[in-house]
Amino acid sequence: MSSSEVKKSILTWRFTLTLIAIAIVVAALTPIVTYYTPSWAYFAVAISGNMPLAVMFIALIIGNLFPERISNKHIALIAATSIMAVLIPGARPLVPDVFDVIYGARTSAISELYSPTFGPFGSKYMADILSGHITKVPWGAWLPTLSWWAMYSVAWLLFMLASLSIVRYQWMDIEMLPYPTGYVWSVPIITASPERRAKGLPIDRRLAVYLTGLLVGFLYTWILVMKLLVPWLPDILGWTNTANFIDWYPGALKIEALPNLQRIIGLVAVPTNLVEYIAFLLAPLDILLSAWVVSIALLIIIQILYLRGYYSGMEKLGHGDRYMRIGQMSPLKILAMHYGILIGVGLFWLLLHAKYIGRTLKSAVAGPTREEVEREAITYRTAWFTILVCLINLFILYYAAGVSPFGAFLIILQYFLLGLSVARIYGLSPIGSIDWEYLFTLPELAYYNITGLSPEFVNAMALGQRACTGELAFNASYAAMFFRIAKDVGISPRDIFIALLIGALIGGILQWFVALKFLYTVGYGSLPRGFRESFQGVWMPTNIMTYPGERPWWPQLLVGLALTGVLSYLRARFVWWPIDPVGAALGFGYLFGVPTGMFLDVLQPFVPLIAWIIKYLVIKTGGARVHDNILVPFAAGVLSGVAICWFVGGIAILVIRVLPSM
């Protein structure tokens with residue numbers, strides 16, 4: 001790399017302090033606004049989950065007012081810090097979710113089996129955070145719990161950031177993963193940059209298309225938000241009619257509402273939310289092709305099995321029963337198979353790029369070259385050392401929480417592979433998180449034949465779930481996306497790493513203390529979000545062991561793993577091979593889209609198929625120019641409009657319906 005290609009740092013001490021201040025404000029506000037937002041308003045993260053995008057728009061406005069002081073690089077770094085400080089991957093807020101788990105653990109019949117990781121012993125503490133109106137927090141009693149979670153959060157976030165810094169060069173500079181959702185950020189940052197205003201350049205046409213899409217997305221979503229704000233208004237979209245639509249999957253028609261399609265045993269829902277289809281227009285054609293081909297193939301296989309006597313009576317079942325029975329029942333046990341596919345995406349990428357990983361290890365031992373220092377976020381030696389330190393800390397923390405070394409190893413292995421897989425899937429689709437149904441799978445192997453409850457088993461299963469660990473590991477999606485945005489905007493990898501690090505450290509520590517103080521001041525019982533009781537049913541150890549399916553489920557897991565291995569090899573070996581393992585993972589469904597909606601929560605081919613047809617026709621008739629200058633900025637604008645609408649709507653809900661009733 002020549003000296004002319006080296007990107008200079010823009011992180012002055014003054015701007016670094018600005019990033020720290022922004023991270024403190026965002027991290028402090030996140031649990032507060034989440035608790036004050038009703039759970040029906042975009043799963044209580046209408047405001048907090050979309051706060052980073054709002055921060056970016058504010059920074060863009062300020063930057064265009066003072067273009068001589070603020071550049072688009074500054075704005076991108078501000079957005080990166082903000083998105084890491086909120087710690088909300090896939091519409092799930094880490095800190096409030098963990099406090100739900102803590103409250104559930106300490107108020108359960110097996111409270112004595114949980115370690116101090118899950119709160120101080122004694123019913124008084126849970127009664128106090130439920131009732132609130134207590135000015136003096138017993139910090140001494142809570143300090144072991146808060147300290148544990150703060151160290152745990154930082155260890156996982158640093159672990160994933162260091163891991164991403166190792167694969168960054170291969171993913172961003174060699175493979176050039178596009179990170180489709182990144183267009184939501186990069187299009188406005190580039191087309192509305194303060195530099196353009198400072199030079200007196202005319203408005204970029206892509207910005208006009210983007211703003212048109214933003215308006216469309218905002219108005220489309222506002223129809224639903226207004227219905228939630230003013231219940232007596234007519235339901236134009238019909239989504240609040242829970243007799244026909246799934247309440248946890250916005251805009252998805254229940255299969256029981258479609259009698260003609262109910263005979264297709266694998267179908268659970270039919271999406272009608274146009275935003276979902278528009279989001280997938282940003283994914284590459286080959287990924288969309290892979291997704292709908294695999295999805296249809298799976299539906300055909302399920303239908304054949306039904307005709308041969310499996311899944312009897314399924315044609316009479318509604319979406320809820322189908323959702324879990326198809327996922328858990330023989331012979332496919334789709335949840336276990338899909339779990340194997342998901343961990344395989346990260347695992348087989350590592351195996352197929354073993355030489356690349358080996359070179360980073362050799363560099364860590366031999367010491368960094370000048371090119372490496374100039375090119376990478378941190379040197380490979382620093383990255384591997386950070387990973388080692390984080391792993392040691394995690395094992396110590398798990399031991400302190402009462403988890404055996406083997407159980408700790410399985411939790412770490414599961415979420416490292418899933419975090420890496422999800423970050424890669426996000427690089428090729430709008431999907432950046434995973435649903436909860438199979439996120440206990442690998443840690444279960446340590447206790448596969450257990451017959452009773454023990455402290456070790458109870459604590460391992462609680463920490464092995466999505467709410468406690470997955471929501472930390474899945475922040476890798478955001479971090480990887482901003483590595484790509486940094487490349488597009490022209491920011492040095494080191495600057496973006498520092499911005500992400502600032503957000504991770506402050507968010508991973510500060511939110512725990514703010515949330516506890518807030519609960520003591522206001523109380524669970526007085527908060528609109530309240531306590532997500534569903535968590536208590538899901539993560540209780542006796543229920544966790546029923547996932548991902550009927551026992552034995554490990555053969556289906558291995559089938560899924562093998563399928564990803566074969567697809568990964570064929571994709572790497574033959575240029576013409578059409579099916580990508582990422583597309584296969586999408587084809588199974590049961591995944592989250594972030595940060596602007598929930599997509600592919602169930603098995604269905606409609607979204608990737610229709611998006612593929614539209615995208616193919618656009619490229620075929622209009623070429624890359626129409627795709628890049630019209631389709632991409634419009635779709636990115638629509639997603640931005642959805643996010644901003646939920647942000648504005650969440651504030652309106654807070655002001656109009658929540659605060660007056662308190």
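Details
- Restricting attention to the stretch 107-139, the residues that are open to solvent by less than 10 Å² (accessible area, probe 1.4 Å) and part of a helix (DSSP H, G or I) add up to 4.
- G597 over 22 Å from R322 (Cβ atoms), at pLDDT below 95 and out of contact with any strand residue (DSSP E or B) (no Cβ under 9 Å at 6 or more places or on another chain): yes
- Check on A21, closer than 30 Å to G523 by Cβ and surrounded by fewer than 16 Cβ atoms within 10 Å (Cβ to Cβ): yes
- Looking across the stretch 315-324 at every residue that is surrounded by 15 or more Cβ atoms within 10 Å (Cβ to Cβ) and of a type outside the set (K, R), the one that is modelled with the lowest pLDDT is identified as Y323.
- Matching entry among L288, L388 (being among the hydrophobic types (A, V, I, L, M, F, W, C) and either under 30 Å from G464 (Cα atoms) or surrounded by fewer than 19 Cβ atoms within 10 Å (Cβ to Cβ) (or both)): L388
- Filter result for T360 (open to solvent by less than 50 Å² (accessible area, probe 1.4 Å) and polar (S, T, N, Q)): yes
- Answer from R375, R359, R322, R424 - the residue that is free of Cβ contacts under 8 Å to residues at least 40 places away in the same chain and not aromatic (F, W, Y): R359
- Residue in the stretch 325-341 that is part of a helix (DSSP H, G or I), in contact with a Pro (Cβ under 6 Å, 6 or more places away or on another chain) and at pLDDT 95 or above present: no
- Among the residues listed as S330, S312, the single one being out of contact with any Asp or Glu (no Cβ under 7 Å at 6 or more places or on another chain) and small (G, A, S): S312
- In the set (1) β-branched (V, I, T); (2) modelled with pLDDT under 90; (3) open to solvent by 20 Å² or more (accessible area, probe 1.4 Å), the condition left unmet by I296 is number (2).
- Criterion (under 20 Å from I496 (Cβ atoms) and either at pLDDT 95 or above or hydrophobic (A, V, I, L, M, F, W, C) (or both)) met by exactly one of I412, I378, I396, I434: I378
- Residues of the stretch 448-461 satisfying the condition of being within 28 Å of the chain's Cα centre (by Cα) and not hydrophobic (A, V, I, L, M, F, W, C): N459
- Failed criterion for R14 (all others in (1) more than 19 Å from L519 (Cα to Cα); (2) at pLDDT 90 or above; (3) surrounded by 24 or more Cβ atoms within 10 Å (Cβ to Cβ) hold): (3)
- A79 more than 15 Å from A499 (Cα to Cα), open to solvent by less than 10 Å² (accessible area, probe 1.4 Å) and either part of a helix (DSSP H, G or I) or small (G, A, S) (or both): no
- The residues listed here are I411, I396, I425, I378; of these, the one that is in a helix (DSSP H, G or I), open to solvent by 10 Å² or more (accessible area, probe 1.4 Å) and either of a type in the set (A, V, I, L, M, F, W, C) or closer than 20 Å to L350 by Cα (or both) is I396.
- Condition broken by R370, with the remaining ones in (1) open to solvent by 80 Å² or more (accessible area, probe 1.4 Å); (2) at pLDDT 95 or above satisfied: (2)
The values are calculated or read from the model by the stated rules, or taken from the named source; none is laboratory data. Computed from a predicted structure; not experimentally measured. Don't worry about glycine lacking a Cβ; one is built from the backbone with ideal geometry, like all the others, and counts go over all protein chains shown. The protein model used for the area step is the full one, side chains on, heavy atoms only, and it has no ligands, DNA or RNA in it. Shrake-Rupley method; radii C 1.70, N 1.55, O 1.52, S 1.80 Å.
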